[in-house]
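Only one structure is covered here, and it is reproduced in the block below.
The values are calculated or read from the model by the stated rules, or taken from the named source; none is laboratory data. Only a predicted model underlies this, so the values are computations on that prediction, with no experimental measurement involved. Here the Cβ positions follow ideal geometry from the backbone for every residue, glycine too, while neighbour counts run over all protein chains shown. Quick note on the areas: whole protein, heavy atoms, side chains included, nothing else; ligands and nucleic acids left out. Shrake-Rupley method; radii C 1.70, N 1.55, O 1.52, S 1.80 Å.
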Amino acid sequence: MKKLLLSILLLSIIFISCDGRDRRYKSNAEVLQESNLLKSFSAQTKFFPNESVEIITDTIFNNGFHVKLKYNALENDFISKTIQSNNDALIHNNYKNFEAIILVLKDEKIISKGIINKTLFQNHETPSFWKNAIMQYVWINYETSTDTHIILNTSFHIPETDIFKDFSISIDTFGNIEISKINLIESTI
């Protein structure tokens, strides 16, 4: 009986002494920093774009070509870049990848359909570029399209850098696809 009373008294003293008086006058940030949790609680996660994006293009040419493009952001496929802010908080910037679903018809017959994304261009750049790049745009190049070819242009960018790569996709009347790199840098003298 004495051991039981002694045990209860000892447990009571232990619980009374754990009331957090040592943290009473500390700010929340100081308590989190003391517990090595400040960085995880002050970390921010941002998505670019922060809302879903979908652009639909339906173009009929007078030469018999009909091009349908559905360009959209992929919600679960993104490139992450982590930076440290001025107050030592981590900011996780997530840049969503894009893809375009394409359907090309010539005289009302399907000649080509598929998906335009980074995997289509794997042989045209280094794997390290594709690991860090996102597709920015896909558009129909009306000026260079002819009676026998539809030309699409696309641009890829590595976020938070000045690195861009542009490509041209040529689709002929038989649905054959040819991809070529575009050099948009003009040399001036």
Quiz item: Wholly within the range 100-169, which strands (runs of 3 or more DSSP E) include no fewer than the required count, namely at least 3 residues that are touching an Asp or Glu at 6+ places or on another chain (Cβ under 8 Å) and surrounded by 12 or more Cβ atoms within 10 Å (Cβ to Cβ)?
Solution: 149-157
Exercise. Would you mention how many residues in the range 81-127 are acidic (Asp, Glu) and touching a Lys or Arg at 6+ places or on another chain (Cβ under 9 Å)?
Key: 3
Practice problem: Sort out which residues of the range 67-91 are of a type outside the set (S, T, N, Q), assigned to a strand (DSSP E or B) and open to solvent by less than 60 Å² (accessible area, probe 1.4 Å), and write them in order of number. | Solution: 67, 69, 71, 73, 74, 79, 81, 90, 91
Practice problem: For the range 93-117, enumerate the residues that are touching a Pro at 6+ places or on another chain (Cβ under 8 Å) and at pLDDT 95 or above. | Solution: 95, 96
Quiz item: Which of (1) of a type in the set (D, E, K, R); (2) in contact (Cβ under 8 Å) with a residue 12 or more places away in the chain; (3) open to solvent by 90 Å² or more (accessible area, probe 1.4 Å) does residue 178 not meet, given it meets every other one?
Solution: (2)
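Residue by residue, here is whether (1) small (Gly, Ala, Ser); (2) modelled with pLDDT of 95 or more; (3) within 27 Å of the chain's Cα centre (by Cα) holds:
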residue	(1), (2), (3)
91	no, no, yes
119	no, no, yes
143	no, no, no
150	no, yes, no
Quiz item: Out of all the residues in the range 127-141, is one or more in contact with a strand residue (DSSP E or B) (Cβ under 7 Å, 6 or more places away or on another chain) and over 23 Å from residue 48 (Cα atoms)?
Solution: yes
Quiz item: For the range 141-170, what are the residues that are closer than 19 Å to residue 125 by Cα and of a type in the set (Val, Ile, Thr)?
Solution: 154, 158, 161, 163, 169
Quiz item: Of all residues in the range 159-173, which are among the hydrophobic types (A, V, I, L, M, F, W, C) and modelled with pLDDT of 95 or more?
Solution: 167, 169, 171
Quiz item: If you go through the range 54-66 one residue at a time, how many are out of contact with any Leu (no Cβ under 6 Å at 6 or more places or on another chain) and either surrounded by 12 or more Cβ atoms within 10 Å (Cβ to Cβ) or in contact (Cβ under 8 Å) with a residue 60 or more places away in the chain (or both)?
Solution: 6
Quiz item: Is it the case that residue 93 is of a type outside the set (Val, Ile, Thr), farther than 27 Å from residue 63 by Cβ and touching a residue at least 60 places away in the same chain (Cβ under 8 Å)?
Solution: yes
